[in-house]
1. For residues in the stretch 419-431 being over 30 Å from Asp320 (Cβ atoms) and either modelled with pLDDT of 95 or more or more than 37 Å from the chain's Cα centre (by Cα) (or both), which is surrounded by the fewest Cβ atoms within 10 Å (Cβ to Cβ)?
2. Within the stretch 402-427, track down each residue that is out of contact with any helix residue (DSSP H, G or I) (no Cβ under 8 Å at 6 or more places or on another chain) and more than 18 Å from Ser292 (Cα to Cα).
3. Kindly check whether there is at least one residue in the stretch 190-200 that is among the charged types (D, E, K, R), assigned to a loop (DSSP other than H, G, I, E, B), surrounded by 10 or more Cβ atoms within 10 Å (Cβ to Cβ) and free of Cβ contacts under 8 Å to residues at least 40 places away in the same chain.
4. Can you report the number of residues in the stretch 324-343 which are surrounded by 15 or more Cβ atoms within 10 Å (Cβ to Cβ) and in a strand (DSSP E or B)?
5. Identify the residue in the stretch 271-306 that is part of a strand (DSSP E or B) and of a type outside the set (Asp, Glu) and, among all such residues, is farthest from Glu317 (Cα to Cα).
6. In the stretch 372-388, how many residues are of a type in the set (Val, Ile, Thr) and either assigned to a loop (DSSP other than H, G, I, E, B) or exposed (fewer than 15 other Cβ atoms within 10 Å of the Cβ) (or both)?
7. Looking only at the stretch 389-423, count every residue that is among the acidic types (Asp, Glu) and assigned to a strand (DSSP E or B) and tell me the total.
8. Taking the options Gly296, Gly262, name whichever one is among the small types (Gly, Ala, Ser) and surrounded by 11 or more Cβ atoms within 10 Å (Cβ to Cβ).
Amino acid sequence: MNPKIRLFALLIAAILAATSASPVAAGEAPNSPEVAACSSGAGYASGCDVDQDGDIDILDVQLTAGRWNSSGVYTSGHTHWGETWTGAVGPHGLRVEHSAASGAVNGLYAVSASTTGRGVSGVTTATSGTTVGVYGSSDSTGGYGLYGAATAASGSTYGVYGRSDSSNGYGLFGVATNNGSGPTYGVYGLSYSANGYGGRFEGYGADAVYVDNLGSGRGLQVHASADTAIWAGSDSGTAGVDGRAGGATGRGVYGRATSTSGVNYGVYGRTDSASGYAGYFLGNLHTTGTLSKAAGSFKIDHPLDPANQYLYHSFVESPDMMNIYNGMVALDANGEALVEMPDWFEALNRDFRYQLTPIGAAMPNLHIAQEIQGNALRIAGGAPGLKVSWEVTGIRQDAYANAHRIPVEEEKPADERGFYLHPVELGEPAELGLDYHRNLEPPQSSNRP
């Protein structure tokens, strides 16, 4: 065959072959269902060349992800199952953007129907650096950087579940970076269930929850509108609440009842054991107010058998705020003696009472020659050289005592009438005790111990 004719025939055949093999016509839109395939690295077709750079590459396939899969097959939706796209260019491995300015739209919406699946799974494989598996950000003044919802009505579900396998890690870490005066929250938890928890923490170490305030404020602030602000229980430990303060003027436990009316309690202690203590203090005890009690005593190791016995003595009671003073004095050659009291004696006391007891012999004429005057009393009529035991009592008249006299008798308030401080001792049922009703705990959540 003539070489020129043969060359012309080969050229015509090549053009026909390229035309029949091409999946799209020049200028055909890449989102047309007539397009059957767009393969990376395949023959050129302008309908697949989305970025119009002269070839068909994986970027063209990615740019048409709404209609194409990575194999170049046209689909009517997003079907990219089992695909892996890799690259090291640009700040995003995948960027998806929804430009609508309003409405409940999603930049990325992922669903898993598996019973053990994940709607979104984020992993950072770097073994160092400040990496983030999933990062959420919101520019809205009322938005959420990350929002998790578990909508199932039953089962142990989690709106957000965090986990860390590091020996120094955090399963969930929240930080509020605004250092202004607003009430910001590093982590905020909320539960609408009557038996739910806004936050629940379980641990196997020394502390299930550790709170540390790095500023000058409180470590923990808790508020309850109706029930107990903090409810703590220990099944077998040494303390339901253990409070400690390391400061020189600190308070291990501080209790305050802020209501200005009613019978309320800054600290209320109770024991269910007949031999227990509602309050037990190792150290000094002080109150700035009035102390009332049913009985009182000292309790010490018995002086004659300290290893095996205790010794008790009851308090000396009086209907008055009485002070008692006593001592021994030797009579002079005239059978007299001057008993001098401290210089604050008359400032503190009034309404003095006296007792004299002769020692060594009867002294029928022994008497108080002069009552307290100038913080001293004079004794006369005794036997020269012998001793006299004396006792003086006085009623407190300091400013606090004058402002807070203890009533000897008092009518019970209307809401306490018919009830008793010690009903059983009076032959009444325990249910009529005032503390029986005070000790009734408020309604509790069914999942509280």
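1. The residue in question is Gly427.
2. Once the filter is applied, which keeps residues that are out of contact with any helix residue (DSSP H, G or I) (no Cβ under 8 Å at 6 or more places or on another chain) and more than 18 Å from Ser292 (Cα to Cα), the stretch 402-427 yields Ala414, Asp415, Arg417, Glu425, Leu426, Gly427.
3. Within the stretch 190-200, one or more residues are among the charged types (D, E, K, R), assigned to a loop (DSSP other than H, G, I, E, B), surrounded by 10 or more Cβ atoms within 10 Å (Cβ to Cβ) and free of Cβ contacts under 8 Å to residues at least 40 places away in the same chain.
4. Counting residues in the stretch 324-343 that are surrounded by 15 or more Cβ atoms within 10 Å (Cβ to Cβ) and in a strand (DSSP E or B) gives 4.
5. Result: Ile300.
6. Going through the stretch 372-388 one residue at a time, the tally reaches 1.
7. 1
8. Within the list Gly296, Gly262, the selection yields Gly296.
The values are calculated or read from the model by the stated rules, or taken from the named source; none is laboratory data. Being a predicted model, the structure only gives us computed values, none of them experimental. When we count neighbours, we look across all protein chains shown, and the Cβ atoms used for this are built from the backbone with ideal geometry, even at glycine.
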